[in-house]
Amino acid sequence: MVLLGAMFLSVPWGCKTATAPDAGFLQQSEKMTPQRERFPFQRVWVKPGVQKENYNYIVISPVNTQYLMENTGWKAANPGNIDLEKSASEMAEYTEQTFREAFQNDTRPGVRLTDKPGPRTIVLELAIVELAPSKAVLGALSLASPAFGTEVGVALGAASAAPGGKPSVAIEGRLKDGATGETLIMFADRQESQMHIIDLKAVTWWGHAKDIIKDWADQCVQVAKTPKDYQVKDRSFFTLKPW
């Protein structure tokens, strides 16, 4: 009965939360401001005069997790028998692949995916800078397998940094000119998880971030392929999809 009940534990309604502190991935991040008439992210900066029509290709760089590991105290909390760096690497690979697929699968006119920087190419650099799982997920993990006990304890330490202890994930990103390396756009966002039914067969301590990452990828595609006066919508507060 306990395990059955855990399958229906839910995480809080998805929504914007307080902005995450600057992690250090972006230079001159103080330039960023809310620009919700166009962007769904909490803070954005766009170089004056930049024209997306000057670019035909986009490169998705490997995703940075250095600031995630350093700023949330995971390294200090790790007792040595849980490979948190491997888990962070898996999340980085998932994020990169999700963004690649979002651009690759979109058939609208605009930038196309490529693997090499160069003229008329923009480079997207991303960093996952914060991750906080929910107590419901952590409890489900410990119920699913006693082996998760130590990892749950470590994850609880990371969760304490999130506002109200709610499950969330934060990202920082920048678009650079593929030929000059000049920064064209910077953005930062923190999202809380949508409500889900927890599936113990598929649960992981960072699984709640997957839908958020997918939404970010879809939003970036929309920004790249819509007119500058088009408002890209934020993610919804609730989902009927399972975990």
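The values are calculated or read from the model by the stated rules, or taken from the named source; none is laboratory data. Computed from a predicted structure; not experimentally measured. Just so you know, the surface numbers come from the protein's heavy atoms only, side chains and all, with ligands and any DNA or RNA stripped out. Shrake-Rupley method; radii C 1.70, N 1.55, O 1.52, S 1.80 Å.
Filtering the range 71-88 to residues that are open to solvent by 50 Å² or more (accessible area, probe 1.4 Å) and modelled with pLDDT of 75 or more leaves Glu85, Lys86. When Ile122 is tested against the conditions (1) open to solvent by less than 50 Å² (accessible area, probe 1.4 Å); (2) at pLDDT below 95; (3) not in a helix (DSSP H, G or I), the lone failure is (2).
In the range 202-243, of all residues being of a type in the set (Gly, Ala, Ser) and at pLDDT 90 or above, the one that is least open to solvent (accessible area, probe 1.4 Å) corresponds to Ala217.
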